[in-house]
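Here is the structure we will look at.
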Amino acid sequence: MTQAPFPTPKLGEPYLLTPGPLTTDSRVKEAMLRDWGSWDADFRAMTRSLCDQLVTLAGHGDDFACVPMQGSGSYCVEAMLGTFVPRNGKVLVLANGAYGLRAAETLRVMGRAYTLIDKGDYMPPRGDEVAAALDADPAITHVMAIHCETSSGILNPVAEISDAVRSRGRKLLVDSMSAFGAIDMTGIHYAAMVSSANKCIEGVPGFGFVIARNSELDAAKGNCHSLSLDVHAQWTNMVKSGQWRYTPPTHVVAAFLEALHIHAAEGGVAARGARYTRNRDVMVAGMRDLGFETLLKDRWLSPIIVTFFCPADPHFVFTKFYDLMKSKGFIIYPGKLTVVDSFRIGVIGRMDEHVMRRVVQAAKECLAELGVTSAAPPAQALAERAKLAA
Ligand SMILES: *Cc1c(COP(=O)(O)O)cnc(C)c1O
């Protein structure tokens, strides 16, 4: 009998169809079964290897550095903004969902000037409107873009945004939290970008990392308002001593190195992206066969997470659907739209298209158990989607 390439999680352990924390390989979990001294040469070598591998994975050489930071992704976004935006700088934030709005809120709390292009729940910010906003306001020094806006699952057109920013001599900061490692970023010119351990590299939560030009890191000295979230200070300390400034999540780092090893063995960014794309295609086709409709048109669907409208049928109650899916071994994700009811299904993590077929089968059984005869969304939802540019 041939072994499934992606073994089922332990009995009773559901698949996480969520954008991180996500389902990890058992080897990643097993890598955490030993303790490391944070000051020891072995752990310093692990940190060094992690940073080198991430710079390479991002497609860069010696002119870029990777600086890991303790905490969840939002801590690292805050660290990036606080470190690279000078206190007298001004940021144009491009928002089309919760994470863009969180970046703006972060700037507000730390007292940095910003202006917001808010496209609502999911409309993509486009290069031409970014160009117009930059032309209209010479005070803007930086643009903050979200690569995959995980709240709707839209893959934002960061390449065209990058062109607009570059041609106007401003600096781009990218939240590539849920895209880095699965989506190629070459051709996107950023001063700094941020991602975290528990998304497309398939590690466990506990730290994130900033990848930036050395020259930008150099220039960022003294900018930060915060002691512990200062990326420049973390970087100089790592260059000097090989150590994180404060207690690193040692077990998480060990797990992440195993996750990087698995990522490389799979074939790197291209192969990871191809598996997720296949996951999405199989899952979306199956769900559409059941009558579900996606929020986004195909062009904007990321291979990360997909938003579906809740069916109009009054027998469909999301919390019941959620519980039934969970009883069949799948944790799905509630929606985050303000206008219409929705839910999300993530396709990242240690799973392949065979798992996706089981997800669709489970959804079909759940509809039957709920007595839902049609998964079609309400007319209002389709009207909403019709607003989305082609
Ligand atoms: C996951 C994620 C974050 C970080 O969220 P945390 O809950 O703080 O880890 C930030 N931006 C995007 C786009 C994300 O997907």
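The values are calculated or read from the model by the stated rules, or taken from the named source; none is laboratory data. Everything numeric in this text was worked out from a predicted model, so none of it was measured. All Cβ positions, glycine included, derive from the backbone under ideal geometry; neighbour counts span all protein chains shown.
Please find, within the range 324-372, the residue that is modelled with the highest pLDDT out of those that are among the hydroxyl-bearing types (S, T, Y) and within 23 Å of the chain's Cα centre (by Cα).
Only one residue tops the list, namely S342.
Can you tell me which residue among A368, A362, A381 is in the same structural domain as F330 (by TED's automatic domain parsing), under 28 Å from M123 (Cβ atoms) and small (G, A, S)?
Of the residues listed, the single one that is in the same structural domain as F330 (by TED's automatic domain parsing), under 28 Å from M123 (Cβ atoms) and small (G, A, S) is A381.
Give the number of residues within the range 51-68 that are within 16 Å of the ligand (Cβ to nearest atom) and in a helix (DSSP H, G or I). Step through it out loud before you land on a result.
Filtering the range 51-68 down to residues within 16 Å of the ligand (Cβ to nearest atom) leaves 68.
Now restrict to residues that are in a helix (DSSP H, G or I): none.
Total meeting the criteria: 0.
I need the full set of residues from the range 210-232 which are more than 10 Å from G82 (Cβ to Cβ) and among the β-branched types (V, I, T), in order please.
V210, I211
Only one residue in R170, R166, R87, R108 is more than 22 Å from I304 (Cβ to Cβ), basic (K, R) and in contact with a Leu (Cβ under 7 Å, 6 or more places away or on another chain). Which one?
Among R170, R166, R87, R108, only R170 is more than 22 Å from I304 (Cβ to Cβ), basic (K, R) and in contact with a Leu (Cβ under 7 Å, 6 or more places away or on another chain).
Have a look at S49, S74 and point out the one that is under 26 Å from L107 (Cβ atoms) and surrounded by fewer than 21 Cβ atoms within 10 Å (Cβ to Cβ).
Numbers: S49 fails: under 26 Å from L107 (Cβ atoms).
After applying the criteria, what remains is S74.
Checking the conditions here, which among G111, G82 is modelled with pLDDT of 95 or more and under 22 Å from the mean Cα position of the chain (by Cα)?
G82
Tell me which residues, restricted to the range 148-186, are within 15 Å of the ligand (Cβ to nearest atom), among the hydroxyl-bearing types (S, T, Y), out of contact with any Lys or Arg (no Cβ under 7 Å at 6 or more places or on another chain) and closer than 20 Å to H263 by Cα.
S176
For the range 187-203, which positions are away from the ligand (no atom under 12 Å from the Cβ) and hydrophobic (A, V, I, L, M, F, W, C)?
If the condition is that a residue be away from the ligand (no atom under 12 Å from the Cβ) and hydrophobic (A, V, I, L, M, F, W, C), then I188, A191, A192, I201 are the ones that fit.
Restricting the search to the range 153-163, which residues are part of a helix (DSSP H, G or I) and without any contact (Cβ under 8 Å) to a residue 40 or more places away in the chain?
Within the range 153-163, V158, A159, E160, S162, D163 meet the criteria.
Condition check ((1) out of contact with any Pro (no Cβ under 9 Å at 6 or more places or on another chain); (2) of a type in the set (F, W, Y); (3) in contact (Cβ under 8 Å) with a residue 60 or more places away in the chain) across all residues:
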position	(1), (2), (3)
L172	yes, no, no
D184	yes, no, yes
M193	yes, no, yes
G206	no, no, yes
D230	yes, no, yes
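Looking for something in contact with a Pro (Cβ under 8 Å, 6 or more places away or on another chain) and not in a strand (DSSP E or B) - is there at least one such residue anywhere in the range 335-347?
Taking every residue of the range 335-347 in turn, at least one turns out to be in contact with a Pro (Cβ under 8 Å, 6 or more places away or on another chain) and not in a strand (DSSP E or B).
Restricting to the range 267-292, give me the number of residues that are assigned to a loop (DSSP other than H, G, I, E, B) and under 18 Å from the mean Cα position of the chain (by Cα).
From the range 267-292, those assigned to a loop (DSSP other than H, G, I, E, B) are 267, 290-292; that's our starting set.
Filter once more, keeping what is under 18 Å from the mean Cα position of the chain (by Cα): none.
Final tally of qualifying residues: 0.
I'm trying to understand the selection: among the residues of the range 233-256, which are surrounded by fewer than 17 Cβ atoms within 10 Å (Cβ to Cβ) and of a type in the set (A, V, I, L, M)?
If the condition is that a residue be surrounded by fewer than 17 Cβ atoms within 10 Å (Cβ to Cβ) and of a type in the set (A, V, I, L, M), then V239 is the only one that fits.
Which helices (runs of 4 or more DSSP H) sit wholly inside the range 164-266 and have at least 3 residues that are closer than 30 Å to D25 by Cβ?
Qualifying helices (runs of 4 or more DSSP H): 231-241, 250-266.
If I filter the range 56-67 down to residues being surrounded by 19 or more Cβ atoms within 10 Å (Cβ to Cβ) and under 22 Å from A254 (Cβ atoms), which single residue comes out as farthest from the chain's Cα centre (by Cα)?
Initially, the range 56-67 is screened for residues surrounded by 19 or more Cβ atoms within 10 Å (Cβ to Cβ), giving 57-58, 64-67.
Filter again for under 22 Å from A254 (Cβ atoms), leaving 57-58, 65-67.
Numbers: L57: 16, A58: 15, A65: 20, C66: 17, V67: 18 Å.
By that ranking, first place goes to A65.
Does the range 37-46 hold any residues that are of a type outside the set (S, T, N, Q), surrounded by 15 or more Cβ atoms within 10 Å (Cβ to Cβ) and out of contact with any Gly (no Cβ under 9 Å at 6 or more places or on another chain), and which are they?
Passing the criteria: only M46.
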